[in-house]
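Okay, structure first, notes after.
The values are calculated or read from the model by the stated rules, or taken from the named source; none is laboratory data. Please read all numbers here as calculations on a predicted model, not as lab measurements. With ideal geometry, Cβ positions are generated from the backbone for all residues, glycine too; neighbour counts draw on all protein chains shown.
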Amino acid sequence: MRFGLAAALFATGLFAALASLMPASSLAGEKGYVGLEVRDLEQAEAETLGWEAPRGVFVVTLFEDGPALEAGVAAGDIIVSVDGSEVDGIEAFVDVISGNAPGTSVRLRLLRERKERRVTLILGTRPASDSLPEKCARFMPTLGRSIEVPCRDSD
């Protein structure tokens with residue numbers, strides 16, 4: 001029985017994650033878009049911040065002209081809350097963002113170089129996959145900074 005429940009929860013989470021990647025027009029109702037790629041924090045990263053367990057999401061990539069970039073979010077930031085709701089991982093982040101429509105203003109609390117910042121951004125509409133921007137800012141851990149890279153493979 002536990003396996004079935006775990007599989008159902010995993011499938012539900014997987015559906016939410018996949019749905020967040022789909023164009024908003026293909027879903028029932030439009031969902032907010034921030035224009036970034038995130039990943040869960042790792043235990044070692046949480047420990048360097050003095051946290052017992054990972055929480056928040058690590059910003060890996062920002063898409064050119066996306067709402068997050070325009071609001072001042074940077075690759076390498078850690079988003080810890082959205083509109084006062086704590087974010088404990090990707091699933092929570094996707095749930096909060098996709099629960100808002102394009103045009104909605106959201107407040108992000110984030111950490112950058114161990115300093116807390118707050119930014120407000122207006123959610124956009126998810127672009128079609130064939131209209132992704134040409135350039136992205138991607139955090140490169142080995143360099144400790146962001147560099148500009150192509151957002152998609154060239155044809």
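Please work out if residue 107 is touching an Asp or Glu at 6+ places or on another chain (Cβ under 9 Å) and among the basic types (Lys, Arg). Let's see the steps before the verdict.
Numbers: touching an Asp or Glu at 6+ places or on another chain (Cβ under 9 Å): yes; among the basic types (Lys, Arg): yes.
Yes; evaluated as a whole, the condition is true for this residue.
Tell me, yes or no, whether the stretch 106-127 has at least one residue that is modelled with pLDDT under 90 and among the small types (Gly, Ala, Ser). Within the stretch 106-127 (the criterion being modelled with pLDDT under 90 and among the small types (Gly, Ala, Ser)), the answer is no, since none of the residues qualifies. Scanning the stretch 6-24 for residues that are among the aromatic types (Phe, Trp, Tyr), at pLDDT 85 or above and at negative phi turns up nothing.
In the stretch 56-118, counting only strands (runs of 3 or more DSSP E) that sit wholly within it, the ones holding 1 or more residues that are under 10 Å from the mean Cα position of the chain (by Cα) and surrounded by 15 or more Cβ atoms within 10 Å (Cβ to Cβ) span 57-63, 78-82.
Within the stretch 83-100, residues that are within 15 Å of residue 40 (Cα to Cα) reach partners that are surrounded by fewer than 17 Cβ atoms within 10 Å (Cβ to Cβ) and at pLDDT below 90 with beta carbons closer than 6 Å, at six or more positions or on different chains, in the pairs 91/13; 94/16.
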